[in-house]
Amino acid sequence: MIQSPRKPIGLMVTVLTIGGICAGMLLPLSGNPPIPVSPAVLVDDDPGVMMRAKLTRSKEVLEGLLRNDFRSISRAAVEMKRISEAAEWPRARDEVYERFSAEFRRQCNELEALAKDLNREGVKFTYLNMTTTCINCHDYVRDSERVAGTTREGSIQFVPPHGLPPSVR
């Protein structure tokens with residue numbers, strides 16, 4: 001039986017197409033170029049730029065956990081801490097906020113150390129706690145801004161926690 005030369009070519013095209021699709025799906029998971037945290041970003045007038053940079057680093061920790069890439073986890077933790085330390089957020093710096101910030105930086109240090117020790121369970125636990133700290137801090141700042149409002153100059157004035165209604169504490 002004589003085979004048509006089109007069958008091997010069709011099979012090859014199908015295999016290459018499927019391979020290309022698979023490679024395209026895996027490409028976003030492979031070594032994404034790091035988002036630089038330059039001094040220009042850290043002094044940007046838009047606090048959203050800095051928050052997005054921290055969120056990107058947080059996603060890198062999660063990706064590192066999924067891929068067992070402890071070096072990426074460690075780098076992301078260092079970068080999150082640097083952003084947190086360098087950022088001059090346009091917000092009031094009250095005692096509660098400062099505690100959240102200190103806890104976040106402590107968790108960054110812990111993530112870095114655990115990643116260097118290749119302690120996957122410790123990294124998972126610390127990452128989940130860090131995420132909870134972030135959510136709680138954002139809830140506090142958002143609720144404080146809502147209760148306190150802004151001054152005529154546009155700066156935020158927090159109401160002390162003991163002055164908040166029970167539903168916001």
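The values are calculated or read from the model by the stated rules, or taken from the named source; none is laboratory data. In this text the structure is predicted, and so the values were computed from the model without any measurement. Here the Cβ positions follow ideal geometry from the backbone for every residue, glycine too, while neighbour counts run over all protein chains shown.
Tabulated data
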| read-out | value |
| --- | --- |
| Residues that are surrounded by 15 or more Cβ atoms within 10 Å (Cβ to Cβ) and over 28 Å from Arg67 (Cβ atoms), drawn from the range 97-143 | Tyr97, Phe100, Ser101, Tyr140, Val141, Asp143 |
| Qualifying position, being at pLDDT below 85 and surrounded by fewer than 10 Cβ atoms within 10 Å (Cβ to Cβ), among Pro39, Pro90 | Pro39 |
| Single unsatisfied condition, Glu85 versus (1) crowded, with 16+ Cβ neighbours inside 10 Å; (2) within 20 Å of Met50 (Cα to Cα) | (1) |
| Odd one out for Gln157, checked against (1) modelled with pLDDT of 85 or more; (2) surrounded by 11 or more Cβ atoms within 10 Å (Cβ to Cβ); (3) not acidic (Asp, Glu) | (1) |
